[in-house]
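Chemist: Starting off with a structure, shown below.
The values are calculated or read from the model by the stated rules, or taken from the named source; none is laboratory data. Model, not experiment: these values are computed from the prediction. All Cβ positions, even for glycine, are placed from backbone atoms using ideal geometry, and neighbour counts span all protein chains on display.
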Amino acid sequence: MEGVEQAPVFSLRYVWEQERLLATVMIAPAVLYVVALIGFPFVLAIVYSLSDATTGDPALRLVGLRTFGLVLRDPVFLKALQNTFVFTLASQVLVLVLAKILALVLMEDFPGKRLVRFLILLPWTAPISLSAIGWLWIFDSVFSPIDWIARSLGLLGGPEALLGSEPNLYWLGRPFLAMASVILVQTWRILPLATVILLAGLTAIPRDILDAAQVDGAGFWRRLFQVIMPMLLPVMSIAFLFGFVFTFTDMTVVYVLTRGGPVNSTQVLASWAFFKGIEAGDLAQGAAVALFFFPALAGVTTLILLVARRAEVS
Amino acid sequence: MKAKQRKDITRREFIKHAGAGLLAAGLGADLISPRRARAAEKTLRILQWSHFVPRYDTEWFDRFAQQWGEAKNVKVTLDHIGLAEIPARTAAEISAGEGHDLIEWISPPAQFEPSVLDLTDINQEAQRRFGKQLPVSTLSSYNPHTRKYYGFSHGWTIDPGNYRKSLWAKVGKPDGPETWEDLVAFGGRIKKELGIQLGIGLSQELDSTMAAWALLWSFDTSIQDAQENVTINNPRAVEAVEYMARLYKVAMVPEVFSWTPVSNNQALIAGRASYILNSISAYRSAQKQVPEIAKDIFFVPALKGPRGTRWSSEHVIYVYIIPSYSKSADIAKEFLLHLVANYDQAMYASELYNSPAFFDGPVPSGSRGYPPVPGVRTARDLHKAWFEDDPFRIEGEAKGKLAPLKGAMEWSANVGYPGPASPAVGEVFGTFILPNMLAKAAQGMKPAEAVAEAEVQIKKIFSQWRNRGLIGGKV
């Protein structure tokens with residue numbers, strides 16, 4: 001039998017022993033997922049944006065960059081673009097600050113710590129459409145419990161009241177308050193994830209480094225800004241990245257609370273793409289609006305990953 | 001070993017045999033009973049909104065459709081979804097080329113014209129059987145530019161003014177407002193003296209948009225003319241916008257900028273609005289939840305503008321489409337004719353929320369599932385009788401409260417009036433250009449500027465759809 005090549009046996013064991021083949025097999029589902037559910041829709045969106053496609057017409061007539069021209073001259077789109085950055089950056093800065101505080105608190109031992117952890121994670125587990133409806137009631141123009149408490153404390157509804165003489169603040173009826181409301185709800189929504197990520201990062205910091213800093217006389221703030229924060233920067237970058245991507249592409253909070261109003265003052269790219277592309281039927285413009293996610297997300301993601309990498313290396 | 005081998009074979013064989021058995025059972029049944037086989041082939045899949053009046057679905061329509069299916073040997077599948085999901089769902093089914101045979105919209109689905117069947121035949125047949133269709137329905141389902149019926153409208157909903165009689169009586173107007181100017185004069189006094197605002201939405205939602213249309217029409221203007229040319233930028237539109245800014249200042253509060261479609265209902269029921277523009281649904285809810293408020297809610301027709309013109313928008317327009325992919329188009333058409341033939345039941349089951357598109361259709365005789373109404377021959381007679389004496393009136397409530405709505409067909413218009421509904425009109429509607437135009441002026445922008453801004457957006461939209469060949473006009 002010597003000298004005779006044996007044909008390879010394609011058994012499970014054979015695959016298991018061939019590292020390259022095994023790697024290919026194991027990564028294939030992820031590649032397929034990305035191609036089918038991200039790559040294909042992305043290419044489709046590009047094709048739609050170069051056409052005059054509508055939801056009601058299967059025919060595809062290519063019109064070049066005309067749709068982008070229309071979108072860029074649309075004042076609502078420009079407002080939505082600006083709002084998307086305000087909504088995302090404001091909520092994510094709040095998330096990072098609050099998540100850091102929460103993570104530091106949760107590092108300490110105190111009675112009821114498990115319950116507090118559970119409560120902090122709760123917003124992440126609740127379906128956002130349901131919780132946003134809860135917030136809709138909290139910000140209701142007539143029945144808002146915040147307004148009710150403010151009125152009870154004499155802060156609202158009286159001639160000399162600090163927050164105004166009207167019986168309600170009209171949270172979602174005034175542009176500034178409406179934007180503040182959607183930012184607040186988004187912050188509440190993303191906070192648990194960021195807290196868990198930062199908590200994991202904090203736990204990974206070697207205790208002896210912190211003890212050494214304390215022995216050297218570094219107080220809480222000095223330890224925080226000169227020891228903990230630099231070591232936590234890669235993890236914080238990842239938390240920010242997740243929050244940024246989730247928020248930049250999200251329309252649920254805006255759709256449920258304000259539908260982009262009042263007068264488009266909380267309109268964001270995702271909601272505008274939906275209104276234009278699906279509700280109004282202009283699929284081409286909806287696709288073109290949605291494609292503006294790509295450069296923004298690609299740019300911010302690259303930047304954050306670079307920051308995280310440098311922080312890690314240094 | 002033997003036992004194990006037998007066991008393995010049995011497992012494999014089981015799956016094989018079970019599959020073959022099921023197949024044989026199916027074929028066998030078809031061979032034994034060809035009628036059953038044919039029945040399995042005839043299907044009708046219907047997708048429609050969950051009606052605002054739940055009993056319409058639960059106590060009437062679902063059973064009505066199933067009973068028709070049983071009588072005709074058609075397997076009827078009925079799916080209800082929330083009204084907000086209808087556009088996305090329809091788009092998905094059209095895109096996939098598969099889905100329901102009948103899809104009901106509650107606004108004109110004009111943008112789907114290229115992908116739905118031309119329903120000229122059934123519209124003509126319905127007019128032959130039930131008389132002339134109401135223009136509000138025709139102009140919401142027919143494209144005069146392409147001469148195609150892209151839908152079939154069986155009914156609509158009236159959008160009157162709802163007011164609190166006790167509040168209006170205190171300022172010397174117990175029968176409620178008659179003109180838009182009355183809202184400023186008396187509504188303003190109610191707010192100032194009694195602290196209750198009136199509520200016409202200036203928000204990014206349906207009811208606010210309908211109110212904006214009604215205002216423009218009553219001020220003798222619109223966004224388009226009958227030939228689908230954009231006409232929004234004119235002195236009368238500016239006058240209407242100026243009026244709304246004035247009305248907001250004296251009679252409303254910022255809550256109207258944040259309203260959802262149910263907010264005006266809630267405000268009225270909570271006793272926080274002296275007047276709203278809405279269908280009778282708010283009143284029906286009040287009858288069940290707060291009867292004392294319901295007893296104080298009365299109705300007025302569309303308000304007159306400065307030159308006596310008065311129009312209101314239909315609140316809901318029911319339009320079925322049959323997507324081109326449907327293999328049951330004939331069955332679907334037959335069902336639609338059956339629906340119109342039984343519209344008396346639809347009106348009753350919806351607690352008068354639905355009004356017929358075919359007022360001259362005969363009312364079938366015999367037991368109809370509601371207390372008999374003597375002397376009634378057509379849907380028009382029934383409409384008149386029920387609106388004069390509401391069968392859903394609660395104990396202790398005044399009679400004839402709905403009487404002002406009897407002639408609603410005279411002052412109700414389709415979205416897009418004086419032109420037809422179209423995809424361009426739909427996009428103007430769906431992107432909230434009109435309520436935003438009014439809201440901007442209410443928030444301080446010069447009315448002429450707000451109108452000019454709206455014109456730019458509207459012209460762009462019209463131009464896009466004109467390029468696609470779906471609307472007429474030149475400007």
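Chemist: From the list B:VAL475, B:VAL376, B:VAL456, which one is assigned to a helix (DSSP H, G or I) and either of a type in the set (Val, Ile, Thr) or in the same structural domain as B:PHE152 (by TED's automatic domain parsing) (or both)? Can you show your working first?
Modeler: On the way: B:VAL475 fails: assigned to a helix (DSSP H, G or I); B:VAL376 fails: assigned to a helix (DSSP H, G or I).
Among B:VAL475, B:VAL376, B:VAL456, only B:VAL456 is assigned to a helix (DSSP H, G or I) and either of a type in the set (Val, Ile, Thr) or in the same structural domain as B:PHE152 (by TED's automatic domain parsing) (or both).
Chemist: Just give me the residues in the stretch B:386-408 being out of contact with any strand residue (DSSP E or B) (no Cβ under 7 Å at 6 or more places or on another chain), surrounded by fewer than 20 Cβ atoms within 10 Å (Cβ to Cβ) and part of a helix (DSSP H, G or I), in sequence order.
Modeler: Passing the criteria: B:GLU388, B:ALA403.
Chemist: Still on this structure: Check every one of the helices (runs of 4 or more DSSP H) wholly within the stretch B:122-225 and list those with 2 or more residues that are among the β-branched types (Val, Ile, Thr) and either closer than 30 Å to B:SER324 by Cα or at pLDDT 95 or above (or both).
Modeler: Working: elements: B:135-138, B:165-170, B:206-218.
Helices (runs of 4 or more DSSP H) meeting the threshold: B:135-138.
Chemist: Suppose we keep only residues that are within 23 Å of the chain's Cα centre (by Cα) and of a type outside the set (Phe, Trp, Tyr) within the stretch A:17-42. Which one would you say is nearest to the other protein chains (Cβ to nearest Cβ)?
Modeler: Restricting attention to the stretch A:17-42, the residues satisfying the condition of being within 23 Å of the chain's Cα centre (by Cα) are A:30, A:33-42.
Among the residues that remain, those that are also of a type outside the set (Phe, Trp, Tyr) are: A:30, A:34-39, A:41.
Numbers: A:ALA30: 26, A:VAL34: 22, A:VAL35: 20, A:ALA36: 16, A:LEU37: 15, A:ILE38: 18, A:GLY39: 18, A:PRO41: 12 Å.
It comes out as A:PRO41.
Chemist: Test A:GLY134 against the criterion of being free of Cβ contacts under 8 Å to residues at least 60 places away in the same chain, in a helix (DSSP H, G or I) and out of contact with any Ser or Thr (no Cβ under 7 Å at 6 or more places or on another chain), and give yes or no. Lay out the reasoning, then the answer.
Modeler: Numbers: free of Cβ contacts under 8 Å to residues at least 60 places away in the same chain: yes; in a helix (DSSP H, G or I): yes; out of contact with any Ser or Thr (no Cβ under 7 Å at 6 or more places or on another chain): yes.
Here the answer is yes, as A:GLY134 does meet what is asked.
Chemist: Conditions first: (1) of a type in the set (Val, Ile, Thr); (2) within 22 Å of B:HIS51 (Cβ to Cβ); (3) more than 12 Å from every other protein chain (Cβ to nearest Cβ). B:ILE103 passes all but one, so which condition is the exception?
Modeler: All conditions are met except number (3).
Chemist: Within the stretch A:62-112, how many residues are outside any helix (DSSP H, G or I), more than 26 Å from the chain's Cα centre (by Cα) and either surrounded by 15 or more Cβ atoms within 10 Å (Cβ to Cβ) or hydroxyl-bearing (Ser, Thr, Tyr) (or both)? Walk me through how you get there before you give the answer.
Modeler: Taking the stretch A:62-112 first, the residues outside any helix (DSSP H, G or I) are A:62-65, A:73-74, A:108-112.
Narrowing the set further to residues that are more than 26 Å from the chain's Cα centre (by Cα) leaves A:62-65, A:73, A:108-112.
Now drop any that are not either surrounded by 15 or more Cβ atoms within 10 Å (Cβ to Cβ) or hydroxyl-bearing (Ser, Thr, Tyr) (or both), which leaves A:63.
The number of residues fulfilling the criteria is 1.
Chemist: Moving on to the next point. Filter the stretch A:170-180 for residues that are surrounded by 23 or more Cβ atoms within 10 Å (Cβ to Cβ) and touching a helix residue (DSSP H, G or I) at 6+ places or on another chain (Cβ under 6 Å); which is farthest from the other protein chains (Cβ to nearest Cβ)? Walk me through it before giving the result.
Modeler: To start, the set of residues in the stretch A:170-180 that are surrounded by 23 or more Cβ atoms within 10 Å (Cβ to Cβ) comprises A:170-173, A:178.
If we keep only those that are touching a helix residue (DSSP H, G or I) at 6+ places or on another chain (Cβ under 6 Å) as well, we get A:170-173.
On the way: A:TYR170: 4, A:TRP171: 7, A:LEU172: 4, A:GLY173: 4 Å.
Looking at the filtered set, the residue picked out is A:TRP171.
Chemist: Okay, next question. Mind counting the residues in the stretch B:256-296 that are closer than 30 Å to B:GLN443 by Cβ and not in a loop (DSSP other than H, G, I, E, B)?
Modeler: If we filter the stretch B:256-296 for residues that are closer than 30 Å to B:GLN443 by Cβ, which is where we start, we get B:256-279, B:281-282.
Right, trim to not in a loop (DSSP other than H, G, I, E, B) and you get B:256-257, B:263-269, B:275-277, B:281-282.
Number of matching residues: 14.
Chemist: Which of the residues spanning the stretch B:115-168 are within 24 Å of B:ALA349 (Cα to Cα), of a type in the set (D, E, K, R) and buried (at least 18 other Cβ atoms within 10 Å of the Cβ)?
Modeler: Result: B:ASP159, single match.
Chemist: Do you know which residues across the stretch A:160-169 are of a type in the set (S, T, N, Q) and either away from chain B (no Cβ under 11 Å) or without any contact (Cβ under 8 Å) to a residue 12 or more places away in the chain (or both)? Walk me through how you get there before you give the answer.
Modeler: Just the residues of the stretch A:160-169 that are of a type in the set (S, T, N, Q), to begin with: A:165, A:168.
Listed by number, the list holds a single entry, A:SER165.
Chemist: Next up: Return the pairs, sorted by first residue and then second, in which the second residue is acidic (Asp, Glu), the first residue lies in the stretch B:398-419 and is under 23 Å from B:GLU228 (Cβ atoms), the beta carbons are less than 6 Å apart, and the residues are 6+ apart or on different chains.
Modeler: B:SER412/B:GLU314; B:GLY419/B:GLU228
Chemist: I would also like to ask the following. Does A:PRO192 qualify as being crowded, with 20+ Cβ neighbours inside 10 Å and touching a residue at least 24 places away in the same chain (Cβ under 8 Å)?
Modeler: Working: crowded, with 20+ Cβ neighbours inside 10 Å: yes; touching a residue at least 24 places away in the same chain (Cβ under 8 Å): yes.
It is true that A:PRO192 is crowded, with 20+ Cβ neighbours inside 10 Å and touching a residue at least 24 places away in the same chain (Cβ under 8 Å).
Chemist: Pull up the stretch A:238-277, narrow it to residues that are over 26 Å from A:GLY134 (Cα atoms) and surrounded by fewer than 21 Cβ atoms within 10 Å (Cβ to Cβ), then point me to the one that is farthest from the other protein chains (Cβ to nearest Cβ).
Modeler: A:ILE238
Chemist: Among the residues of the stretch B:221-248, how many are touching a residue at least 60 places away in the same chain (Cβ under 8 Å), under 17 Å from B:ARG307 (Cβ atoms) and under 24 Å from the mean Cα position of the chain (by Cα)?
Modeler: Of the residues in the stretch B:221-248, 1 are touching a residue at least 60 places away in the same chain (Cβ under 8 Å), under 17 Å from B:ARG307 (Cβ atoms) and under 24 Å from the mean Cα position of the chain (by Cα).
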